[in-house]
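Heads up: the structure comes next, in structure tokens.
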Amino acid sequence: RTKEVPLKRSEDNLRSPICCIMGHVDTGKTKLLDCIRGTNVQEGEAGEITQQIGATYFPAENIRERTRELKADAKLRVPGLLVIDTPGHESFTNLRSRGSGLCDIAVLVVDIMHGLERQTIESLNLLKMRNTEFIVALNKVDRLFGWKTCKNKPIVKAMKRQSNDVRNEFKMRVTQIITQFKEQGLNTELYYKNKEMGEIFNIVPTSAISGEGIPDLLLLLVKWTEKTLVEKLMFTNEIQCTVLEVKAIKGQGTTIDVVLANGVLHEGDQIVVCGTQGPIVTTIRALLTPHPMRDILFINMSKIFYANASLMPQGSYLHHKELKAAQGVKINAQGLDHAVAGTGLYVVGPDDDVEDIKEATMQDMKSVMRRIDKSGAGVCVQASTLGSLEVLLEFLKSPAVNIPVSGINIGPVHKSDVRRACAMLERKKEYGTILAFDVKVSPEARELAKENGEDKKREASGEAVFPCRLKIMPDCVFNKKDPIVLGVNVLEGTLKMGTPVCIRSGESEFIDIGRIISIEINHKEVETAKKGQKVAIKILSQKIFGKHFTVDNELVSHITRESVEILKAYFQDDMGKEDWKLLEELQRDFKIDQIYF
Ligand code: GDP
């Protein structure tokens, strides 16, 4: 490719901002996207909304048309708005480019009836971490009791139509939610009352069902990005591009879905992307976008078939010679099998040194690698994308969890990953674990893990302590001294051979009695007894019945942090729901912290 003259960055040539929708589950993220996608102004005209790969494009004309009532039909400076189709943390954390976020602005959806919820706060933390602008959509206003529908109206107009009761409830809920944001260290205000935009985050009340407030949200998204992000939005021909997903497509091999945030991509460009096995250097074979959503008329013999894009054969795409930012694009090229989602894509220019670029592509991966524990002891973590891996590592590192990580990988769990985790069994067996998030496990890897697990389970069985509570039956004390022989009733849990038992002697204090060396039901030796069974047990013990304990004392399993870890690691299948519940109670009594794996 011949060298391009570097484009002079200018305020008159802006690209479309990229927007991500975030928030707690069920707040209406998907519905909100559907709602803003819902109306095409004039099909086939300049204002048409287009479906791209992983994103929807709203041209400025469309936004202007839909916000006419807000009297904002002055010229918009950006060509449009690109909204990422999959709402949530996942796509936000994946949209990264050279260490910073690729998402220019986010919509944080909050349900007006529920206020801030767990994932709202998680989203807030992610936004703060990346320093990303956002607007709060206070959704489901139509759920306020007595709400009068004003389809697709600006929110102030819709509010004027409501009764005093509705307005009062609205005010009360907004005040509560503003307070909740304050508790998170953020100042927020209804956007039409906000005098200090920039210091105070905007709230736009919306309904994704009847469309009230949607014009406000669209306009604010565009106006706000234009106002605050001009520098970032200036068009350049320096590529800024992120891999969102790595996908195998029938007949095409592995393709990558990317978001092109800035610059122009051409068919035939030499590109470099980050791969789990090292940088991948390849050439763009095809730049693809879906067929437009426009309805298509098929005329066949005398019959007329009316079809739309959803009926188009799967995998039929439009080919492009070049595509300009901002765009969601599918790239077909060779050798993309091990590409890592959530990393930057680079184009090799005529003056570039491929080696430098290869190094640059691996930077994102390296920055995540730095979080691995230096001692080399820790669990293995695997995720589908670099972004989710990063968040998972962050979580494991937090003081409340504090689990060291020795190895990471992206993509499906293969045999080699299991082998690596097994090596850890020798050093510290509780770390011989793979935490796999949103990835497939190959059958061979599963088999290998099971084999190793079985071995370890056998080894560990001596140290596993199943939880149980035993009631001594008054007339069934057969021997008071070593070995103590008693008849007991299994009140709760599972009684196993070898279990160390103790009695309570106060708040969180216990006296050890000894280890169970025999269990008999009707004079027959058994390995286990279940809740409700009456059995005779023999306890190897230094204590004496009648002196150290009596029928009034309940016998319980003596658990330790170690024994709980072993149960969790190897005996998941042997423990029932009630066993876990009892274990949790005992953990509290024995003051053993929550163990996360
Ligand atoms: P998501 O999990 O955040 O993507 O939430 P969805 O978009 O799937 O919405 C969850 C539920 O809330 C669905 O039953 C929607 O129909 C409903 N919902 C979403 N937005 C609104 C709204 O503005 N008003 C009302 N009444 N219901 C809504």
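The values are calculated or read from the model by the stated rules, or taken from the named source; none is laboratory data. Being a predicted model, the structure only gives us computed values, none of them experimental. All Cβ positions, glycine included, derive from the backbone under ideal geometry; neighbour counts span all protein chains shown.
For the range 129-145, does any single residue satisfy the condition of being more than 32 Å from the chain's Cα centre (by Cα), modelled with pLDDT of 95 or more and buried (at least 20 other Cβ atoms within 10 Å of the Cβ)? No: zero hits.
Would you confirm whether any residue within the range 179-186 is without any contact (Cβ under 8 Å) to a residue 40 or more places away in the chain and under 21 Å from I214 (Cα atoms)? No, the conditions are met nowhere in the range 179-186. Would you say K8 is on the phi > 0 side of the Ramachandran plot and modelled with pLDDT under 80? No: the conditions fail for K8. Filtering the range 371-407 to residues that are within 20 Å of K429 (Cβ to Cβ), surrounded by 16 or more Cβ atoms within 10 Å (Cβ to Cβ) and of a type outside the set (D, E) leaves I372, G378, V379, C380, V381, Q382, L396, I403, P404, V405, S406, G407. Would you please name the residue that is farthest from the ligand (Cβ to nearest atom), looking only at residues in the range 108-123 that are surrounded by fewer than 22 Cβ atoms within 10 Å (Cβ to Cβ) and in a helix (DSSP H, G or I)? Looking at residues that are surrounded by fewer than 22 Cβ atoms within 10 Å (Cβ to Cβ) and in a helix (DSSP H, G or I), I get I121. If you go through the range 196-243 and keep only what is more than 15 Å from the ligand (Cβ to nearest atom) and assigned to a loop (DSSP other than H, G, I, E, B), you end up with E196, G198, E199, L229, F235, T236, N237, E238, I239. Being more than 16 Å from the ligand (Cβ to nearest atom) and modelled with pLDDT of 70 or more is a property that R1 lacks.
Listed by position, the strands (runs of 3 or more DSSP E) inside the range 478-597 whose residues that are out of contact with any Lys or Arg (no Cβ under 8 Å at 6 or more places or on another chain) number at least 2 are 484-496, 500-506, 509-521, 524-526, 528-530, 534-541.
Test V83 against the stated conditions and say whether it is among the aliphatic types (A, V, I, L, M), within 14 Å of the ligand (Cβ to nearest atom) and under 22 Å from the mean Cα position of the chain (by Cα). Yes; evaluated as a whole, the condition is true for this residue. One residue is enough: does the range 138-153 have a residue meeting the conditions over 25 Å from M365 (Cα atoms), assigned to a helix (DSSP H, G or I) and of a type in the set (G, A, S)? Within the range 138-153, none of the residues are over 25 Å from M365 (Cα atoms), assigned to a helix (DSSP H, G or I) and of a type in the set (G, A, S).
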